[in-house]
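Some notes on the structure that comes next.
The values are calculated or read from the model by the stated rules, or taken from the named source; none is laboratory data. No experiment lies behind these values; they were computed from the predicted model shown. Every residue, glycine as well, gets a Cβ built from its backbone with ideal geometry; the counts of neighbours run over all protein chains shown. These area figures cover heavy atoms from the full protein model, side chains too; ligands, DNA and RNA do not enter into them. Shrake-Rupley method; radii C 1.70, N 1.55, O 1.52, S 1.80 Å.
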Amino acid sequence: MEFEQVWDNIKRHENEEFVTKRGLVLTYELFGDSIKPSRTDYFISKSDFKKAMKLMPLKNIKEISSICRGPSYIYAILMDKRICG
């Protein structure tokens, strides 16, 4: 799947519930080319999702922890069937 399709899916599922690997429920809001997860006070940029997409399919969070901000949230969102199929 192309990244812009994935980003469109991320936009489409704003405010829906996602679950982290540890079982924590989160939602997110879009702010331009960033999202703000409900479980944190910081923003995660579209470019961080793009970096993570280059490594898909992800085996675990460690694969993206050194290259992305909010790797647990990115993992939860990208690995969800609604986002990447």
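Here are a few things to note about the model shown:
- Summed over all non-identical Cα pairs, the Kirkwood treatment of the chain gives a radius of 12.5 Å.
- With a Cα cut-off of under 17 Å and a minimum spacing of 8 residues unless on different chains, the lysine pairs in the chain number 16.
- Carbon + sulfur, % of accessible area of the chain - ligands and nucleic acids excluded, 1.4 Å: 48 percent
- Note on residue 14 and residue 55: the extension gain reaches 12.4 nm, defined as 0.36 nm multiplied by sequence separation minus the Cα-Cα distance.
- The chain: relative contact order as a whole-number percent, Cα under 8 Å and 6+ apart: 28 percent
- Taking every DSSP helix (H) stretch of at least 4 residues in the chain, weighting each as -39,500 (n - 2.57) and dividing the sum by the residue count yields a mean residue ellipticity at 222 nm of -9000 deg cm²/dmol.
- Sum of side-chain charges, residue 33 neighbourhood, beta-carbon under 11 Å (Lys, Arg +1; Asp, Glu -1): +2
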